[in-house]
1. Enumerate the amide H contacts of His60 below 5 Å, restricted to partners 5 or more residues apart or on another chain; note that Pro and chain-start residues carry no placed amide H.
2. With the crude spin-label approximation of a point 7 Å out along Cα→Cβ, what separation in nm comes out for Val37 versus Thr122?
3. Using the beta-carbon distance between Ala320 and Arg361 and R0 = 25 Å, what value does 1/(1 + (r/R0)^6) give for FRET efficiency, to the nearest 0.05?
4. How do 65-76, 362-373 rank on mean C-beta neighbours within 10 Å, highest first?
5. May I ask for the net charge around Arg354, where only other residues with Cβ less than 11 Å from the Cβ of Arg354 are counted and Lys, Arg are +1 while Asp, Glu are -1?
6. May I have the convex hull volume per residue, in Å³, for the Cα set of the chain?
7. Restricting to DSSP H runs of at least four residues, report the calculated mean residue ellipticity at 222 nm for the chain, -39500 (n - 2.57) per run over all residues, nearest 500 deg cm²/dmol.
8. For the Cα atoms of the chain, what angle does the longest principal axis make with the long axis of helix 283-294, in degrees from 0 to 90, nearest 10?
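The values are calculated or read from the model by the stated rules, or taken from the named source; none is laboratory data. What you are looking at is a predicted structure, and each value in this text was computed from that prediction instead of being measured. Here the Cβ is made from the backbone with ideal geometry for all residues, glycine too, and neighbour counts use every protein chain on show. In case anyone asks, the SASA skips ligands and DNA or RNA and just uses the protein heavy atoms, side chains included. Shrake-Rupley method; radii C 1.70, N 1.55, O 1.52, S 1.80 Å.
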Amino acid sequence: MVSCLLDCFEFSDRHTSDNLAEELLKVAKEWGVDNKVVCCVSDNAANITKAIKTLKWTHHPCLAHTINLFVRDALKVMKPTVNKVKAIVEFFHRSTTATHKLKSTQLQMGMPELKLKQDCVTRWNSTFHMIKRILESKDAVISTLAVMNASVDPLSQEEWEVLQEACTVLEPFEEVTVEISADSYVTASKMLIQCKGLQRVTAEHQTRVTTGKVTELVAALCASMDRKFHRIEYNTVLSESTILDPRFKKLAFNDNRAVDEALQRVTAAAARSSQPTSLPEGQEGEEAAEHEQEQPQASAVWRFFEERASGDTTRRNPSADSILEVRSYLEEPLYQRSADPLSWWETKASVYPRLTHVMARRLCIVATSVPSERIFSKTGQIITERRNRISPSKLRHLVFLNANLH
């Protein structure tokens, strides 16, 4: 699976849905893919969502952005403790003496030399990494703050316990975020399983956590996921992608009705894909004439069989053939979870030609818009204090080459 950047350019107009839709369509037409867009994945911003709907393209919200929103909202219940951690991290970042002392203390205690991490407002997992890192250096941090008599509020024993339990609760969300943020392997088909898995794992923590704040955190996460992931199995993009992934198929669903509806849509799409494509006007006659010239004269001995064979072909029902393909596909054993589903389809393309055509328009969909966010990060690495006069057109070319030269 390959990810490509089509364009990245300066956009000085107002970011209205109409302006965004116009630019999206312009880029798609420039590359000749305006009629090949199967799905657009973006964050939940109203302007880009409306722009995609204006173009009548299928829209799917970025799962990483959705997780970011409700986890960051849930973390508000332990904001005072998180703010204390931020203050401690900032103290060490501001003071070279404190940083040096922390390193020496870590060495004396036989701990690895680890720098404390600061969080970023826009990414919940940066808060997770900040908490995880300070827990890893807990004893060294407590000792260093005491020796230096630092002017920051220390964390109480109860707050350390809150951080430890919160880290355990948030670990699965970090794991899912990392796994779905890739663009080199299939991700959309995993979303049903991962979202349901997050719900189950978080619900299990309700009976395990002991601190009040983390109990509130778990309750907030469960409530948010119940709202966000309600009827997720009925999502057209996700259900069809999951059904067509040979690693999961129907096993990823809990609702049989959702499975039946997804199978009906996939079967109908497979039947449509088997319909003959009409040739441009004038070309059809030329193709037929060429075919007649290439076709050797039929043997009189074989004529009767050829007539019956051609008649049998014309009588075939695309819908019936599609149903048979789907049924046969579902009876195949599940593929290994760690394997590449595209490799499986590559070997089965001749067996399931109609389903392969439908699969190509489903498994190419990514679960998040993180790949496009990485482009902006790369742009920030290109424009630096020493290279701040690069023109927008020059930057456009550099970013394009950087993203596409693999």
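1. Long-range HN contacts for His60: Cys40, Val41, Ser42.
2. 2.2
3. The formula returns an efficiency of 0.70 here.
4. 362-373, 65-76
5. With Lys, Arg at +1 and Asp, Glu at -1, the neighbours total -1.
6. 220
7. Computed ellipticity for the chain at 222 nm equals -19500 deg cm²/dmol.
8. The helix 283-294 is inclined about 60 degrees to the chain.
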